[in-house]
Amino acid sequence: MVLKRRIVLFIILSLCSIAFAQDGLGGIGDPYFPDFGNNGYDVQHYTIALNVNMEEQTLNGTAMIESLATQDLSVFHLDFLGMSIKQITVNNAAATFERDGRELIITPETPLLENQPFTVHVVYNGSPGKGVSSSNLPFGRGWTWISDGVYVASEPGGSAVWYPVNDHPLDKATYTLQITVPQDYTVAANGLLQDVISESDGRQTYLWEAENPIASYLVTVNIGRFAMLETVYGDGLPLRFFVPERFADELPALADVTKEMLAFFESVFGVYPLEAYGIVVVDATLDFALETQTLSLFGRDLLAGDQWLGIGGADIVMAHELAHQWFGNSVSPASWRDIWLNEGFATFAQMLWLEYTQGTAEMNAIYDSWYDNISYLSASRNTPLADPGDDNLFSINVYLRGALVLEALRQELGDELLFAILQAFHETYRNGNASIEDFIATAEAVSGQSLTDFFTQWLYERDLPLSPLSD
Ligand code: ARG
Ligand code: ZN
């Protein structure tokens, strides 16, 4: 009897641990963030509907997730942190679920079969971002309430605080965002604003559609009392700019400089890859910016003066975030270890813009000072660019040495070849993902040279190679 009971208990415990921890489904395999993302399916489209109470700082949400099973699944995970779940259905049948940290573990009534499309509905409510933290980075918290509004910045893993998601850049998907707010607020989000629907209670629903796939950390919803300017670039690329109402006078200048930057970056990186672009300036001092897809996010510090984060004029950081739309957004990192493909490339691009507007001597002087700066980094900060560590994703080495690598490659190969490599890399991996090794392979294929020594020194080792500007 006792023995039997033990056996039963053992079986129950092993079943639990299979379901919760050892099913291999919770965690997509990122070397730095093992619990980010999930295996077993591939999300195609998210429809996120949020009814937001600005006074109470709460919301009611429903998420519809259209997905494809990539294996047979009797259970699957989503990432979701905080808030309360009211109901989950899978293919319109009630499903059972458990929660464990970021893991939302769902058991559908009927197991899913490999290659089968399936739809998950999650009904939830609460105050996103309250009482849970997915990150201590200000640009990583996800949904953030400010004094009279909301911004959403989620790099690398903050999206899980506001919707259930396969929260890793490897599973990019398209989005519909339906955000209902009081009449005196505006919602600025990814993609194109398709409609503003008046609700019977005097509220308004903003319907935003993003047609190019987005990595979850680049999904954004911003609520505020905004002034807006809409215009087009070139053959009709929609541009839209949002700033707090009292800064409305700044809108034309933001639009003009953005158009100049688009023309410049298209000349070096190729045609702008997404369905729209623009900027949202939220009514808070952020001390960071984020390249949220098709609508880069800034704090009002962007408009405050001629210095921004000590890196020069506001246009420099605008150039940085715009360049990310090619490098980081259209081509996303395959894992967070590949962050150099984002930050090194965008920082190199901001320097190209600086060279274009201020001249080569000015660019070289800044590279010189960066080179000095990073030669004194402590060992804990001077980690190899190809494996910086999760604590150093956004450290200055990734940005400054990251840009110097590409400037060094430019010195080695010349402008024509370097830009051909960048364009080929973007073309090959657009709307998808790439690793550092994929970039190296592209550089070698396009240049027809072995670049092993070059990249070994610059990316895989700590010692700083000679400055590209030393002669
Ligand atoms: N991806 C963002 C950017 O560089 C991250 C912001 C990091 N900010 C910082 N000060 N390190 O555009
Ligand atoms: Zn960046």
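The values are calculated or read from the model by the stated rules, or taken from the named source; none is laboratory data. Owing to the predicted nature of the structure, the values given are computational and were not obtained by experimental measurement. Glycine also receives a Cβ, built like all others from the backbone with ideal geometry; neighbour counts cover every protein chain displayed. Areas reflect the complete protein model, heavy atoms only, side chains present, ligands, DNA and RNA absent. Shrake-Rupley method; radii C 1.70, N 1.55, O 1.52, S 1.80 Å.
Values computed for the structure shown
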| read-out | value |
| --- | --- |
| Convex hull of Cα atoms in region 106-235, direction-averaged projection (nm²) | 11.3 |
| Cα-based shape type of region 366-437, given that a ≥ b ≥ c are square roots of the gyration tensor eigenvalues and the cut on a/c is 1.5 | oblate |
| Cα-projected label distance for Glu114 with Val271, points at 7 Å along beta-carbon direction, nm | 3.8 |
| The chain, relative contact order in percent, only Cα pairs under 8 angstrom and at least six apart counted | 11 |
| Cβ-derived FRET efficiency at R0 30 Å, Arg246 paired with Ser84, nearest 0.05 | 0.25 |
| Among Ala160, Leu229, Gly149 the positive-end extreme of the charge dipole of region 146-267 (Cβ point charges) | Ala160 |
| Under Karplus coefficients 6.51, -1.76 and 1.60, residue-wise ³J(HN,Hα) of region 26-33 in Hz, glycine/proline x | x, x, 8, x, 6, x, 9, 10 |
| Pairwise label distance in nanometres, Asp287 with Leu68, each label 7 Å out on the Cα-Cβ vector | 4.4 |
| Amide H contacts of Leu286 (H built 1.01 Å from N, under 5 Å, at least 5 apart or other chain) | Gly299, Arg300, Asp301 |
| Per residue accessible area in Å² of region 110-240, where ligands, DNA and RNA are left out and the probe is 1.4 Å | 36 |
| For region 138-152, Karplus couplings with θ = phi - 60° (6.51, -1.76, 1.60), whole Hz, Gly/Pro x | x, 9, x, 6, x, 5, 10, 7, 10, 4, 9, x, 9, 10, 10 |
| Net charge dipole size for the chain [Lys, Arg +1 and Asp, Glu -1 on Cβ; Debye, nearest 20] | 1700 |
| Mean residue ellipticity (222 nm) of the chain, computed from DSSP H runs ≥ 4 via -39,500 (n - 2.57), nearest 500 | -8500 deg cm²/dmol |
| Anisotropy class of region 322-458 from Cα gyration tensor, a/c 1.5 cut | rounded |
| Cα pair distances of region 172-264 binned at 5 Å [whole percent] | 3, 13, 19, 21, 21, 16, 6, 1, 0, 0 |
| Rounded percent of accessible protein surface that carbon and sulfur make up, the chain, 1.4 Å probe | 50 |
| 5 angstrom amide H check on Gln71, placed H, neighbours 5+ away | Asn115 |
| Rounded Å value of the spacing that divides the Cα centres of region 398-418 and region 320-397 | 11 |
| Approximate spin-label separation Ser369-Leu466, in nm, with each point projected 7 Å along Cα-to-Cβ | 2.5 |
| Values of log10 I(q)/I(0), in the order q = 0.11, 0.14, 0.20 Å⁻¹, for region 189-339 under a Debye, Cα-only, solvent-free model | -0.42, -0.68, -1.39 |
| Tensor-based shape of region 211-252 (alpha-carbon gyration tensor, a/c under 1.5 rounded, otherwise prolate or oblate) | oblate |
| Order by protection proxy (mean Cβ within 10 Å, highest first), peptides 348-360, 329-341, 142-154 | 329-341, 142-154, 348-360 |
| Region 236-308, relative contact order in percent, only Cα pairs under 8 angstrom and at least six apart counted | 29 |
| Debye log10 I(q)/I(0) for region 251-309, one point scatterer per Cα, at q = 0.24 Å⁻¹ | -1.10 |
| P(r) tail fraction, region 86-148 - alpha-carbon pairs more than 17 Å apart, % | 56 |
| Solvent-accessible area per residue, Å², over region 373-416 with all protein chains present [probe radius 1.4 Å] | 42 |
| Relative contact order %, region 112-195, counting alpha carbon pairs below 8 Å whose residues are six or more apart | 18 |
| Area of Glu250 that stays accessible when all protein chains are in place (1.4 Å probe, Å², to 10) | 70 |
| Mean shadow area of the chain over all directions, Cα convex hull, nm² | 25.7 |
